[in-house]
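**Q** One structure, as structure tokens, below. Some questions next.
The values are calculated or read from the model by the stated rules, or taken from the named source; none is laboratory data. Being a predicted model, the structure only gives us computed values, none of them experimental. As a convention, Cβ positions derive from the backbone with ideal geometry for all residues, glycine included, and neighbour counts pool all protein chains shown. Calculation scope for accessible area: heavy atoms of the full protein, side chains included, ligands and nucleic acids excluded. Shrake-Rupley method; radii C 1.70, N 1.55, O 1.52, S 1.80 Å.
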Amino acid sequence: MRIFTLLLSLLAAPVAAHEFWIEPLAYQVEADVSIEANIVNGQEFAGGKLAYLPQRFVNFVLFQGDQSAKVDGRPGDMPALQQDPIAEGLNIAAYQATNATVDYAAWEKFQNFVDHKDFGDVRSLHEARGIPVDGFKEVYSRHAKTLIGVGNSEGADRRVGLETEIVALTNPYVDDTAAGFQVQVFYRSDVRANTQVEVFEKGPDGRVAISLYQTNADGIATFPVQPGYRYMVDAVVLREPSEALAERSGAVWETLWANLTFAVPE
């Protein structure tokens with residue numbers, strides 16, 4: 001079964017322009033229970049599960065407070081994360097995927113993506129660089145986190161070193177969320193002000209609602225949450241790739257996808 005799973009995962013190419021997230025089997029566990037979570041690639045909070053494959057990620061780490069531990073699995077493991085918590089409290093799992101590329105035969109598909117992510121007038125920048133509007137490549141990377149409450153679930157999310165990262169300013173398992181949930185979006189050492197944040201809300205019946213928000217001058221977005229629902233937050237950086245990456249990948253644009261998942265207890 002492990003060999004079959006491994007072959008399927010190797011054959012399954014990453015899906016471009018879709019979300020990529022960590023989805024725990026349980027967002028809250030007892031202190032003596034292991035954490036299990038799938039790596040998922042899909043859209044609208046539904047997708048295919050990916051096995052633990054070291055060649056697919058740069059880092060896969062579990063954090064709690066000031067402590068951390070690499071996620072140690074065997075190739076083909078599903079769920080990809082099967083590990084004891086570091087300690088009681090809020091545990092954070094973070095995953096940085098290796099780069100992948102997507103080809104655009106025509107500008108229209110890329111423009112749809114640009115419009116959806118609210119990147120502005122990218123075409124003018126594209127043409128100013130002398131790049132053909134048809135037949136070009138994008139390179140992308142995924143920077144995903146999830147929040148798992150262990151035992152008392154106490155503690156706070158924090159920056160864990162991802163190049164672009166979403167940090168929860170609210171602990172969904174112990175804080176009062178009646179006034180909304182807050183996240184702060186970062187790119188390198190800077191907050192991302194006036195940036196679009198996409199929030200996916202999955203109800204107990206599996207239905208998904210999608211809403212768009214903007215961060216304020218401090219890179220903070222606030223949105224309502226409901227008890228018994230699961231959430232995914234997504235924010236994307238668009239930039240020109242470095243000269244070395246452009247030469248290596250053949251890409252003319254680079255995107256970095258930040259993702260955060262959590263649940264709100266009933």
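**Q** List pairs: first residue in region 201-212 and touching a residue at least 24 places away in the same chain (Cβ under 8 Å), second residue assigned to a loop (DSSP other than H, G, I, E, B) and not acidic (Asp, Glu) anywhere in the structure, Cβ distance under 7 angstrom, at least six positions apart or on different chains.
**A** Pairs found: Glu201/Tyr229; Lys202/Phe45; Lys202/Tyr229; Gly203/Tyr229; Pro204/Gly228; Val208/Phe45.
**Q** Using the structure shown, decide if Thr170 is in contact (Cβ under 8 Å) with a residue 60 or more places away in the chain and among the hydroxyl-bearing types (Ser, Thr, Tyr). Step through it out loud before you land on a result.
**A** Details: in contact (Cβ under 8 Å) with a residue 60 or more places away in the chain: no; among the hydroxyl-bearing types (Ser, Thr, Tyr): yes.
Judged against the criteria, Thr170 is not a match.
**Q** Are there any pairs, at least 6 apart or on different chains, whose C-beta atoms fall under 7 Å, with the first in region 52-74 and under 23 Å from Ala168 (Cα atoms) and open to solvent by less than 40 Å² (accessible area, probe 1.4 Å) and the second assigned to a strand (DSSP E or B) and of a type in the set (D, E, K, R), and if so, which?
**A** Once the first residue is under 23 Å from Ala168 (Cα atoms) and open to solvent by less than 40 Å² (accessible area, probe 1.4 Å) and sits in region 52-74, its partners that are assigned to a strand (DSSP E or B) and of a type in the set (D, E, K, R) give Phe60/Lys70; Val61/Lys70.
**Q** Taking the conditions exactly as written (touching a residue at least 24 places away in the same chain (Cβ under 8 Å), within 22 Å of Ala156 (Cα to Cα) and in a loop (DSSP other than H, G, I, E, B)), does Ala31 satisfy them or not? If you could, list the steps in order and put the result at the bottom.
**A** Values: touching a residue at least 24 places away in the same chain (Cβ under 8 Å): yes; within 22 Å of Ala156 (Cα to Cα): yes; in a loop (DSSP other than H, G, I, E, B): yes.
Judged against the criteria, Ala31 is a match.
**Q** Name the single residue that is least open to solvent (accessible area, probe 1.4 Å) among those in region 150-170 being of a type in the set (Asp, Glu) and part of a loop (DSSP other than H, G, I, E, B).
**A** Once the filter is applied, the top-ranked residue is Asp157.
**Q** Out of curiosity, is Thr222 surrounded by fewer than 20 Cβ atoms within 10 Å (Cβ to Cβ) and at pLDDT 95 or above?
**A** Yes: the conditions hold for Thr222.
**Q** Going residue by residue through region 179-197, is there one that turns out to be of a type outside the set (Val, Ile, Thr), surrounded by 11 or more Cβ atoms within 10 Å (Cβ to Cβ), closer than 21 Å to His116 by Cβ and free of Cβ contacts under 8 Å to residues at least 60 places away in the same chain?
**A** yes
**Q** Look at Val102 and say whether it is within 22 Å of Ile39 (Cβ to Cβ), open to solvent by less than 50 Å² (accessible area, probe 1.4 Å), hydrophobic (A, V, I, L, M, F, W, C) and in contact (Cβ under 8 Å) with a residue 40 or more places away in the chain.
**A** Yes; evaluated as a whole, the condition is true for this residue.
**Q** Also, I was wondering about something else. Within region 134-142, does at least one residue satisfy the condition of being closer than 23 Å to Gly228 by Cα and part of a strand (DSSP E or B)? Give the derivation first.
**A** To start, the set of residues in region 134-142 that are closer than 23 Å to Gly228 by Cα comprises none.
Checked region 134-142: no residue is closer than 23 Å to Gly228 by Cα and part of a strand (DSSP E or B).
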